[in-house]
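The values are calculated or read from the model by the stated rules, or taken from the named source; none is laboratory data. Here the structure is a predicted model, which is why all the values come from computation and not from measurement. FYI the Cβ positions are ideal-geometry reconstructions off the backbone, even for glycines, and counts take in every protein chain you see.
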Amino acid sequence: MAEQDPIGISEVARATGLQSSALRYYEKAGLIAPAGRAGGRRQYDPSVLRRLAAIALLQEAGFTIAEVRDVLGAGNDRWRELARQKLGELDAHMARIAAARELLVSAIECDCSGLDTCELIAERQGHHRKVVQTLPATTRRGAVGS
């Protein structure tokens, strides 16, 4: 199979819909690497398009940039293990969403005159502290991904 010519950063950006700044960020994060430079501009092996498609898939599945780097650097068995871990995280998140939805439906259907007299709220007095303490530290700080 013949070797393909490198493609410029603007061509990669056009082919993927990514900004060149995103490509430079991915490079800095260790997700992609240029094949070299031509005229001072980054050049990539055409295989970078497939790698960027894998990065997009992993991000859509909820992986952070650091996790994407780990998955892409892992062997077959290890990436599957990381994917199973992510499934567990997603399942736990879905359970929290379902519980939150159930609480909101109950609150909407409640016949109380307002939040200050609602039994649902009275039942949870002192509960907030316990919920906040069980959340991961990154969630409490607001840093969801890396």
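Here are some notes:
- Lone qualifier among Glu60, Glu123 - being of a type in the set (Asp, Glu), out of contact with any Asp or Glu (no Cβ under 6 Å at 6 or more places or on another chain) and modelled with pLDDT under 90: Glu123
- Candidate set from region 1-11 (those that are hydrophobic (A, V, I, L, M, F, W, C) and not in a helix (DSSP H, G or I)); member that is nearest to Gly73 (Cα to Cα): Ile7
- Scanning region 98-119 for residues that are surrounded by 10 or more Cβ atoms within 10 Å (Cβ to Cβ) and among the β-branched types (Val, Ile, Thr), we see that the one that is modelled with the highest pLDDT is Val105.
- Any chance Arg14 is out of contact with any Lys or Arg (no Cβ under 7 Å at 6 or more places or on another chain) and either in a loop (DSSP other than H, G, I, E, B) or at pLDDT below 95 (or both): no
- Spans of helices (runs of 4 or more DSSP H) in region 17-134 with at least 3 residues touching a residue at least 12 places away in the same chain (Cβ under 8 Å): 20-28, 48-60, 65-73, 76-109
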